[in-house]
Every structure is written in structure tokens, then in C-alpha cells.
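Below is one structure; the comments refer to it alone.
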Amino acid sequence: MSEEEPLLSRYNFDFVGGIQNSYLFVTQKQIIYEILFKPTPYLFGEGFVLSDEIVELVIKVANNPTDRRPPLDVLIAPTVAAIIKDFYEKSSLTITIFICDTADRRHEARWRKFNRWYEYFAASDYIRIDDSLRDKKEAVLYHWALIAKNDNPYLREVGLAFLDLMADLRIGK
């Protein structure tokens, strides 16, 4: 009698590091995902107290040997969640911004996927603030999310800076 393979709860991942704080993982279909935490110190303006802690979360397919849209994979959400948690363990002051990619008009599907991934990550010690911007000319809704630890001593400033940024973007500053 052969032993059955244990069920995975998530994929293994590697922290590659580099300037964009890169993580990689490979799915059962051999699709390679890259999760980046790209430094964006300019986002909240010069002089913001935690400018060196602001990163943009980028979730992308780095290599897809199937040449098809990646299928639904229930292990991706807990893997992305574990990566985000791992990154926050390196710096609890981290401020993560997620801007939903609209390049191919699949942004609503991406936003739903991000929300699923966040559900796995969500814990009572994090706060998330969402906002969106509508481009009337192109009829596109740009979704944004901010994630920070609840115990960040600058949480109030972080929240206000995000709301100010979104207001400035609305009026075209």
C-alpha cells in the first residue's frame, strides 16, 4: 500500500530579495509567480515620516509555460498571504499599497482575486483602507488598497496621508 501525498496548505516560497524585495513560488502547473514589495518612498510626498517604509505590492506571473490564463488554484491565496506576513515580520512599520493593474481591462477580476488573497492574510493586527478612482475618459475604475499594522506608531499619519493622496489624485495634482 502506498502512502498518499499530504495535502498542501500553501506553496513553498523563496525570498529572493533585491531592491524590489522579491519572492517567488511555483505552482503545481509549473507557473512561477513573483511577489514584489517595490519601494515607493515618494508616494506620500517628501518628508513623510515613514517614506522609507512605503512599498507597492505587485503580484505577477513571472513565467507561464502553459501559455494560457492561469487556472483557479486554491493554494495561491494562502501562499500570497504567507508571503505578505513574512514581509511584515521583517518590518512592522511597513506600509503596503496595492494598485490594481488595469492594463488589459481585467482589473475587476484582479480586484476580486486580491480581496480573496487578503481574506487569507487578514488578521486583527492589520488595517486596510480601500479607495478607488474613476477615469471618466477611459471608463476605468482604479482600485487602491493600503495595508499597515495596527500597532504602527504612525498609523494616524499613514491613514491621513493615504486619504490625502487619493484626494490629490482626484483633483489631478
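The values are calculated or read from the model by the stated rules, or taken from the named source; none is laboratory data. Worth saying up front: this structure is predicted, and the values here are computed from it rather than measured. Reconstructed Cβ throughout: ideal geometry from the backbone, glycine too, with neighbour counts over all protein chains shown. We work out accessible area using only protein heavy atoms, side chains counted, and drop any ligands, DNA or RNA first. Shrake-Rupley method; radii C 1.70, N 1.55, O 1.52, S 1.80 Å.
I need every pair where a residue in the range 135-159 that is within 20 Å of residue 87 (Cα to Cα) and touching a residue at least 60 places away in the same chain (Cβ under 8 Å) has its Cβ under 7 Å from the Cβ of a residue that is part of a strand (DSSP E or B) and of a type outside the set (A, V, I, L, M), sequence separation at least 6 or different chains.
147/96; 147/126; 147/128; 149/126
If you go through the range 95-112 one residue at a time, do you hit one that is surrounded by fewer than 16 Cβ atoms within 10 Å (Cβ to Cβ), basic (Lys, Arg), on the phi < 0 side of the Ramachandran plot and within 14 Å of the chain's Cα centre (by Cα)?
So far as the range 95-112 goes, yes, one or more of its residues are surrounded by fewer than 16 Cβ atoms within 10 Å (Cβ to Cβ), basic (Lys, Arg), on the phi < 0 side of the Ramachandran plot and within 14 Å of the chain's Cα centre (by Cα).
For the range 56-89, give me the residue count where each residue is farther than 22 Å from residue 107 by Cα, among the charged types (D, E, K, R) and in contact (Cβ under 8 Å) with a residue 24 or more places away in the chain.
Within the range 56-89, residues that are farther than 22 Å from residue 107 by Cα, among the charged types (D, E, K, R) and in contact (Cβ under 8 Å) with a residue 24 or more places away in the chain number 2.
Inspect the range 46-60 for any residue being more than 12 Å from the chain's Cα centre (by Cα), of a type in the set (D, E, K, R) and assigned to a loop (DSSP other than H, G, I, E, B) and give the result as yes or no.
yes
Identify the single condition in (1) open to solvent by less than 40 Å² (accessible area, probe 1.4 Å); (2) farther than 27 Å from residue 15 by Cβ; (3) assigned to a loop (DSSP other than H, G, I, E, B) that residue 161 does not satisfy, given that it satisfies every other one.
Failed condition: (3).
Report whether or not residue 46 is over 17 Å from residue 114 (Cα atoms) and of a type in the set (D, E, K, R).
So residue 46 passes the test.
Taking the residues in the range 82-102 that are touching a helix residue (DSSP H, G or I) at 6+ places or on another chain (Cβ under 6 Å) and among the aliphatic types (A, V, I, L, M) as candidates, determine which candidate is farthest from residue 151 (Cα to Cα).
Across the range 82-102, the extreme among qualifying residues is 84.
Here's a check for you: in the range 124-137, which residue that is over 11 Å from residue 162 (Cβ atoms) and surrounded by 10 or more Cβ atoms within 10 Å (Cβ to Cβ) is modelled with the lowest pLDDT?
By that ranking, first place goes to 135.
Return a yes/no flag: does the range 17-34 have any residue that is open to solvent by less than 70 Å² (accessible area, probe 1.4 Å), in contact with an Asp or Glu (Cβ under 8 Å, 6 or more places away or on another chain) and aromatic (Phe, Trp, Tyr).
Taking every residue of the range 17-34 in turn, at least one turns out to be open to solvent by less than 70 Å² (accessible area, probe 1.4 Å), in contact with an Asp or Glu (Cβ under 8 Å, 6 or more places away or on another chain) and aromatic (Phe, Trp, Tyr).
What tally of residues in the range 138-149 results from selecting those that are open to solvent by 70 Å² or more (accessible area, probe 1.4 Å) and modelled with pLDDT of 90 or more?
Adding up the residues that qualify gives 0.
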